[in-house]
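Participant: First the structure, which I've put down as structure tokens, then a few questions once you've had a look.
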Amino acid sequence: MREQLGLLKEKAEKELSQCKRLDDLNAFRVKYMGKKGELTKILRGMGKLPAAERPVMGQLANKIRDSLENKIADLTEKLKKKEMEQSLLAESIDITLPGIGPELGRQHPLSLVIEEIEEIFLGMGFMIEEGPEIELDYYNFEALNIPKDHPAREMQDSFYLSPEVLLRTHTSPVQARTMEKMRPHLPVKIIVPGKVYRRDDDATHSPMFHQVEGLLIDQVVRFSDLKGVLLNFAQQMFGADQKIRLRPSFFPFTEPSAEVDISCVMCKGTGCRTCGQTGWLEVLGAGMVHPRVLEMGGYNPEEVSGFAFGMGVERIAMLKYGIDDLRLLFENDVRFLRQF
Ligand code: PHE
């Protein structure tokens, strides 16, 4: 048995020295020290020895086992360290590689223009209001002094969801909604940016477009206040040399009403293709809030007065950025959008 143990020790130590990976070590331990391992078998066979030999052989076998265990432990440490180093090396980063930046989006020119309009009116003390795009006939027409059979409805032929519900054709219903909400508070001083819908679709009309509504109601609001606010807006938006021109017009919810022109941003008023040689560009509708509209909104037209205006955002964006086709704004071609 002594011989057997000696051979085993030699063989085991040689094998151990050839273990290169932690997995090899585990296999080694199973092979010699596992339940059916070679050393275990010898230890089990101890019972068959004469009683006198047992302690000596037992001691020898235990010594071999302890020494193998120690060597395994040492080697485990070493291999662990080596494998760790290897995996760190494998994961190392080449910091000289060029970076890959995220694709950044851009703000749409319409959003840019809406934000700029908001900024200008916030600066004049207006607050920003919003309203629903799916609107009641009452707010879209009725409360704005456009009764059921009024011919002005034809101008804004629209998308109806039911006889009483439609996609709003302008942002003006938010005038009525805000008055209802705020009465009897003064002043009502708001702008309303938002989407509106009309049954139109050609090179210069889109079935969906954007407006910014304005409404100011206070104890004394004059037509000259309207003119002053609009001139200030035009000059901040298009330059300090801007002029505006008001022409008489008609809206059922304002009286008197006006179409407002700004001097042509392309030719500065001398006449060009953009302005049809007139030197002027029509950009918004406006007027003094009709007494009936004030009344329906819960304000007494004998005690308060107001003005309102509504502008088309697409038109302003096209003039501001020199865009010559409305449809470019809705195609969302990134090559176009990246230019702003
Ligand atoms: N709502 C009108 C339109 O869409 C514009 C407007 C607003 C006119 C407010 C006067 C006052 O054409």
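None of the figures in this text is laboratory data; all of them are computed from the coordinates on show. Keep in mind that what you see is a predicted model, and the values were worked out from it rather than measured. Every residue, glycine among them, receives a Cβ derived from its backbone with ideal geometry; neighbour counts consider all protein chains shown.
Participant: What ranking do 102-108, 256-262, 2-8 get when scored by the average of other Cβ atoms within 10 Å per residue, highest first?
Facilitator: Packing order, densest peptide first, comes out as 256-262, 2-8, 102-108.
Participant: Report ³J(HN,Hα) in whole Hz for each residue of the range 135-143, in order, from the Karplus equation J = 6.51 cos²θ - 1.76 cosθ + 1.60 where θ = phi - 60°; Gly and Pro get x.
Facilitator: 10, 7, 3, 4, 6, 5, 10, 3, 5
Participant: Please list, in chain and number order, the residues 5+ apart from Gly271 or on another chain whose amide H is under 5 Å from its amide H, with Hs placed from the backbone.
Facilitator: Gly279
Participant: Angle, helix 22-33 long axis vs. longest principal axis of the chain, Cα atoms, 0 to 90°, nearest 10?
Facilitator: Tilt relative to the chain: about 30 degrees.
Participant: I've got another one for you. For the chain, what does -39500 (n - 2.57) per DSSP helix run (n ≥ 4), summed and divided by total residues, give at 222 nm, in deg cm²/dmol to the nearest 500?
Facilitator: Helices in the chain give a 222 nm mean residue ellipticity of -13000 deg cm²/dmol.
Participant: While we're looking at this one, here's another question. Across the range 185-198, in residue order, what do the Karplus-derived ³J(HN,Hα) couplings come to in whole Hz, using 6.51 cos²θ - 1.76 cosθ + 1.60 with θ = phi - 60° and x for Gly and Pro?
Facilitator: 5, 10, x, 9, 9, 10, 10, 9, x, x, 8, 9, 9, 9
Participant: What ³J(HN,Hα) values, in whole Hz, does the Karplus curve 6.51 cos²θ - 1.76 cosθ + 1.60 give for the range 254-268 when θ = phi - 60°, with x put for Gly and Pro?
Facilitator: Rounded to whole hertz, the list is 9, 7, x, 10, 8, 9, 10, 10, 10, 5, 4, 6, 7, 9, 6.
Participant: Let me ask something else about it. By how many degrees, 0 to 90 and rounded to 10, does the Cα axis of helix 223-238 deviate from the longest principal axis of the chain?
Facilitator: Its long axis makes an angle of about 40 degrees.
Participant: Averaged over every viewing direction, what's the projected area of the C-alpha convex hull for the chain? Give it in nm², one decimal, please.
Facilitator: The number I arrive at for the chain is 34.5 nm².
Participant: By a straight-distance test (C-alpha under 19 Å), which lysines pair with Lys14 as possible cross-link partners, with residues fewer than eight away in the same chain excluded?
Facilitator: Output for Lys14: Lys31, Lys63, Lys71, Lys78.
Participant: Kindly express, to the nearest 10 degrees and within the range 0 to 90, the angle between helix 2-17's C-alpha long axis and the longest C-alpha principal axis of the chain.
Facilitator: 30 degrees
Participant: Over all directions, how big on average is the projection of the convex hull of the alpha-carbon atoms in the range 95-138, in square nanometres?
Facilitator: Projected area, direction-averaged: 6.8 nm².
Participant: Say R0 is 30 Å: what FRET efficiency, to the nearest 0.05, do Ala73 and Glu53 get from their beta-carbon distance?
Facilitator: Using R0 = 30 Å, I get an efficiency of 0.50.
Participant: Something else about it: Taking every pair of alpha-carbon atoms in the range 2-90, give the share separated by more than 20 Å as a whole percent.
Facilitator: 41 percent
Participant: Here is a follow-up. Quick one: compute a quarter of the convex hull surface over the Cα atoms of the range 157-209 and quote it in nm².
Facilitator: Average projection, Cα convex hull of the range 157-209: 4.6 nm².
Participant: Here's something else I'd like to know. Of the DSSP beta bridges with both residues in the chain, give the percent that are antiparallel, rounding to the nearest 5.
Facilitator: Close to 95 percent.
Participant: Right, something else. Quote the relative contact order of the chain in percent (integer), defining contacts as alpha-carbon pairs under 8 Å separated by 6+ residues.
Facilitator: 15 percent.
Participant: Can you grab the distance from the C-alpha centre of the range 164-207 to the C-alpha centre of the range 17-62, Å, no decimals?
Facilitator: 91 Å
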